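One structure is given here, and the rest of the page talks about it.
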Amino acid sequence: MISVESLRVEFGVKPLFAGASFVVNDRDRIALVGKNGAGKSTLLKILCGQQKPTEGVVSIPSDTTIGYLPQVMVLQDDTTVRQEAQKAFSNVTELKAKVDALNQQLAERTDYESESYLALVEKFTLEHERYMMIGADNCEAELERTLLGLGFERQDLERPTSEFSGGWRMRIELAKILLQKPDVLLLDEPTNHLDIESIQWLEQWLAQSAKAVVLVSHDRAFINNVTNRTLEISCGQIVDYKVKYDEYVVLRKERREQQLRAYENQQKEIQEMRQFIERFRYQATKAVQVQQKVKQLEKIVPIEVDEVDNSALRLKFPPCLRSGDYPIICENVRKDYGAHTVFSNVNLTIKRGEKVAFVGKNGEGKSTLVKCIMGEIPFDGHLKVGHNVQIGYFAQNQAQLLDENLTVFQTIDNVAKGEVRLRINDILGAFMFGGEASDKKVKVLSGGERSRLAMIRLLLEPVNLLILDEPTNHLDMPSKDVLKEAIKAFDGTAIIVSHDREFLDGLVSKVYEFGGGRVREYLGGIYDWLESHRNGANGSDGVNGVNGQPIKPTKPIEPTKAPKTDYAAHKEQQKRLRKAERAVEESERKISNMEHRLKELDALLSVPENASDMTLVTEYTTTQKALDEEVARWEQLAEELEGLKE
């Protein structure tokens, strides 16, 4: 379908890539990968003809159609959602008009035996067959299936596009491209504005209906489920791996180790040549050999090695005060915007140390509840933020609060404490601010770069409740790995609003689903929640499946009843559980009392006349020792309690 030969692209002294040759075949599902700035989006623009390469040839047959979804595009505001999506069928509309016109001509003529009439009949037959072959009669049904699959409600289809956010309007553009059914789909970060259900629908559509796909995405689960081939842009070259992304990661690691060995051997060879030249430069008897070594040295093409992978970098949140047992409690929380109820009767309790996910379609209230917790907007009901809770909040607008006159390095240096300050460059590199990028002023950074910088800043602040609203939107895969490991090691509480399944997998132990004005609690990880949806999934009108296959409406998950024979064992288990919970609570009370007494003693000993009071000094030492012992005991009790809960 598309043939690329000897492609070279230059924007400066060093080319983005050179000598690139590959072919996109029918049914290929290609993931285009590489670090930020490697040229992935540029390559997509070249493939669709929006940009010309410096050298090389891109051959596309004249009858091959291409659909391209960029990350950012100009959107129109003068139509309804349905009317805008119908633009995808402009060729069908033209063909229908042509068929209708031919039909009208046939109806008006009576010279049935003439050659021109027979030619007209033949032409009508051909055009009508074309019209029927493209399934024109099913256009409206297909349009609705696609828009509903991408998250729109049926009543949304008649609303003006101007009423929707940029993310929803990008969904309309994606729907238009899918409805055109091009021979080759070029998708640049297609999941950025989609929720989990819409991403899964898109995965199924691409698997069942697409012909060839080339996509750029930082959503690991998405590209693993969709692609069967990986093109990597690295060190100015494009390397073709005939495997899906997870397998590519393994092969790439092996390739980098080979590169490293070859690089080390080459450096050793270069060093030996230089030593020989320096040693015998002025000896006439060695002049010929020296000249040979000089020529060999000049001919050596340096081996490039991929940049060191910083995904192994481990970040740890700085120590912070211990929060109360229940950092967040909501009782009958309700939020209305005018006549529209976002959610009502929200009752949830988040315990200390839990890591939970807020999921659901965009616009169902995830970020709204976060703003209620942060006290940014008014609401009805009771919402309690627990004792000693220190919140670290990340949202896209947090990036706007950075000091624009500081450099990237200064922004992080100002909040880094202790030995972390020695690793600032490593941390910045892990979040794509390596090298000269750390010297950039904040005011020249893009929106995505500012978001990454705000995220790093948050990672270095002492907090015990993390609230992260779409934290992975501007992160590449290694950066997401660093963030995920940091949150897993975080001993506080975390609320994460995200549609990235791979990021949430193994990170959260509870899922809160927002939808239809309600918030439902699901115990387990993100894939447990998805499995519950497969067994009885949410769909407002029952037609949000691919190609019209229905998805069952959600019903609350009922706890499985234990058999009568297990009743005694269950009762004994509950008794042990309650006893363990009481022991943990008692230990926590003791810790709290001792911490309070130590603060009092600190205050007394800070007064000069009490500094030599041995009674106070002895009490302080004894209390501190008892506190350390009680904390160790609490840790053991907490582990036993967790073991009983499993």
Considering residues of the stretch 127-139 that are open to solvent by 60 Å² or more (accessible area, probe 1.4 Å) and aliphatic (A, V, I, L, M) only, the residue modelled with the highest pLDDT: MET132
Going through the stretch 388-407 one residue at a time, which ones are in contact with a helix residue (DSSP H, G or I) (Cβ under 9 Å, 6 or more places away or on another chain), within 28 Å of ASP491 (Cβ to Cβ) and surrounded by 16 or more Cβ atoms within 10 Å (Cβ to Cβ)? ILE391, GLY392, TYR393, PHE394, ALA395, GLN396, GLN398, ALA399, LEU402
Take ILE350 and decide whether it is among the hydrophobic types (A, V, I, L, M, F, W, C), in contact with a strand residue (DSSP E or B) (Cβ under 8 Å, 6 or more places away or on another chain) and open to solvent by less than 60 Å² (accessible area, probe 1.4 Å). yes
Need the failing condition index for ASN192 against (1) under 14 Å from the mean Cα position of the chain (by Cα); (2) at pLDDT 90 or above; (3) not small (Gly, Ala, Ser), just the number. (2)
Determine, yes or no, whether GLU354 is modelled with pLDDT of 85 or more and over 24 Å from GLY492 (Cα atoms). no
Suppose we filter ILE270, ILE303 for residues that are under 30 Å from LEU428 (Cβ atoms), surrounded by fewer than 16 Cβ atoms within 10 Å (Cβ to Cβ) and over 30 Å from the mean Cα position of the chain (by Cα); which single one remains? ILE303
SER198 vs (1) in contact with a Leu (Cβ under 7 Å, 6 or more places away or on another chain); (2) of a type in the set (S, T, N, Q); (3) modelled with pLDDT under 90: all pass except (3)
Counting only residues that are under 16 Å from GLU197 (Cβ atoms) and open to solvent by 10 Å² or more (accessible area, probe 1.4 Å), how many does the stretch 520-534 have? 8
With the requirement that a residue be open to solvent by less than 60 Å² (accessible area, probe 1.4 Å) and of a type outside the set (Gly, Ala, Ser), what does the stretch 426-446 give you? ILE427, LEU428, PHE431, MET432, PHE433, VAL442, LEU445
The helices (runs of 4 or more DSSP H) lying entirely within the stretch 22-126 that contain at least 1 residues which are free of Cβ contacts under 8 Å to residues at least 60 places away in the same chain and exposed (fewer than 14 other Cβ atoms within 10 Å of the Cβ) are 81-86, 90-108
Report whether or not ILE412 is surrounded by 19 or more Cβ atoms within 10 Å (Cβ to Cβ), outside any strand (DSSP E or B) and over 21 Å from the mean Cα position of the chain (by Cα). yes
In the stretch 1-20, the residues that are out of contact with any helix residue (DSSP H, G or I) (no Cβ under 9 Å at 6 or more places or on another chain) and either free of Cβ contacts under 8 Å to residues at least 24 places away in the same chain or surrounded by 20 or more Cβ atoms within 10 Å (Cβ to Cβ) (or both): GLY12, VAL13
Check on VAL243, open to solvent by 20 Å² or more (accessible area, probe 1.4 Å), in contact with a strand residue (DSSP E or B) (Cβ under 8 Å, 6 or more places away or on another chain), closer than 26 Å to SER21 by Cβ and assigned to a loop (DSSP other than H, G, I, E, B): yes
Unmet requirement for LEU143, which otherwise passes all of (1) without any contact (Cβ under 8 Å) to a residue 60 or more places away in the chain; (2) surrounded by 15 or more Cβ atoms within 10 Å (Cβ to Cβ): (1)
The lone condition SER162 fails out of (1) open to solvent by 40 Å² or more (accessible area, probe 1.4 Å); (2) touching a helix residue (DSSP H, G or I) at 6+ places or on another chain (Cβ under 8 Å); (3) under 17 Å from THR79 (Cα atoms) is (2)
The number of residues in the stretch 524-534 that are more than 16 Å from VAL497 (Cβ to Cβ) and part of a helix (DSSP H, G or I) is 7
Check on ARG452, open to solvent by less than 30 Å² (accessible area, probe 1.4 Å), in contact (Cβ under 8 Å) with a residue 12 or more places away in the chain, touching a helix residue (DSSP H, G or I) at 6+ places or on another chain (Cβ under 8 Å) and closer than 24 Å to SER367 by Cβ: yes
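The values are calculated or read from the model by the stated rules, or taken from the named source; none is laboratory data. Note that the structure is predicted; figures quoted are calculated from it, not measured. Heads up, the Cβs are rebuilt from the backbone with ideal geometry, glycines too, and the neighbour counts pull from every protein chain shown. Areas reflect the complete protein model, heavy atoms only, side chains present, ligands, DNA and RNA absent. Shrake-Rupley method; radii C 1.70, N 1.55, O 1.52, S 1.80 Å.
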